[in-house]
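The values are calculated or read from the model by the stated rules, or taken from the named source; none is laboratory data. Computed from a prediction, not measured in an experiment: that's the story for all the values here. Cβ placement follows ideal geometry from the backbone for every residue including glycine, while neighbour counts extend to all protein chains displayed. Side chains are part of the model used for accessible areas, which takes the heavy atoms of the whole protein and leaves out ligands, DNA and RNA. Shrake-Rupley method; radii C 1.70, N 1.55, O 1.52, S 1.80 Å.
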Amino acid sequence: MKTQKYHIGTNALCYPREKSEIVMPLKDGMIENWDQCEAMLDYVYTKCLSVQSNEHPVMMSEVAWNKVSIRQKTCEIMFEKYKVPAFFLCKNAVLAAFASGRSTALVLDSGAVQTAAIPVHDGYVLQNGIVKSPLAGNFLAAQMREHLKETNVEVVPTYKIASKELVKEGEPPKWTPRKNIPSVSSSYHNYMVDNVIEDLMQHVLQVHDRPATDEDLNMIPANNFEFLTATMLCSGQSDFKIPEPLFDPIGTNLRILGGIC
C-alpha cells in the first residue's frame, strides 16, 4: 500500500504536480477524513505556529450541526496524540454572537457549500431552528462560470501561463503558454480555475441596496477585470444578477439549480 504525501498551504498548491489530487477533509462542515485532518494539524503546529502542542490549550470552532461521534473523535485526537493540556469545542455561531457582544442572536453563516441561519439563545444553539440553503459561495462560482461560458470567455489558470504581453485597447490578448507542464488531475485544474473565478467575483460582484430593474442597473458604471492572459472583461448587469439568488431565490432564474430552490 502506497503512503500518501500531502502538500498543504497556498504556496504548495500553486505548484503543479503530476497526478496530485485536491482533497477536502470536511463534508457539510464536519470532519470526514481524519488522516487528512491530522496532516493539517501537523502542518499548523510545525509550519505555522512552530510551538509544542502539549504547552498550549486549544479552542476549536465547529458547525452547529456537528455530530457527537465527531466531537468525541476530535477530543480524543487532541488529548491522546497532541497531548494538549486543555481543549474546548464551541459552536461557530455562538462565537460569532459573542464577538458582537451578544449572547442571544440570529447568526447568518454563508460559506462555500451552504448558507445557514442559526438561532442562538443565552449562548446555546437552538438546533430545531437551524435553516440551511445550498445557495452559497460555490453556487455563485457556478453562476459566474456559466456566465463566462455564455460570453465565450476562457479562464486560463496561472500554472498554464508563462508570460503575457501588453496590448492596446480592443486588441486580442497575447500570452505564452508554459511548457513542460506535468499531467495534472482534473481536480487540480478545477481548483486553479476556481481561484481565478473567485478573484473575479471579489472584484466585480455587487449587491444593490433595493430591488432594481434593468434600467436602474444600466445607470451604474460597469467594472473592468483583467484576466491573467490580459483578456479584459467589461461586466454590467451580471454583477448584480449573479448574487441576487442569495436574497431572492424564488423570484430569480436559477440556472445552476434548475430554477427551483
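General observations
- Hits in the stretch 25-59 (condition: open to solvent by 100 Å² or more (accessible area, probe 1.4 Å) and assigned to a loop (DSSP other than H, G, I, E, B)): GLU32, GLN52
- VAL120 meets all of the listed conditions (1) without any contact (Cβ under 8 Å) to a residue 40 or more places away in the chain; (2) assigned to a helix (DSSP H, G or I) but one, namely (2).
- Look at (1) within 30 Å of PRO182 (Cβ to Cβ); (2) surrounded by fewer than 16 Cβ atoms within 10 Å (Cβ to Cβ) and you find that ILE22 fails only one, number (2).
- Among all residues of the stretch 140-148, there is none that is closer than 30 Å to GLU18 by Cβ and either assigned to a loop (DSSP other than H, G, I, E, B) or modelled with pLDDT of 95 or more (or both).
- All conditions in (1) farther than 21 Å from SER163 by Cα; (2) open to solvent by less than 70 Å² (accessible area, probe 1.4 Å); (3) modelled with pLDDT of 85 or more; (4) not β-branched (Val, Ile, Thr) hold for GLY236, with the sole exception of (3).
- Residue match in the stretch 150-165 (condition: farther than 15 Å from GLU226 by Cα, over 19 Å from the mean Cα position of the chain (by Cα), in contact (Cβ under 8 Å) with a residue 24 or more places away in the chain and open to solvent by less than 30 Å² (accessible area, probe 1.4 Å)): yes
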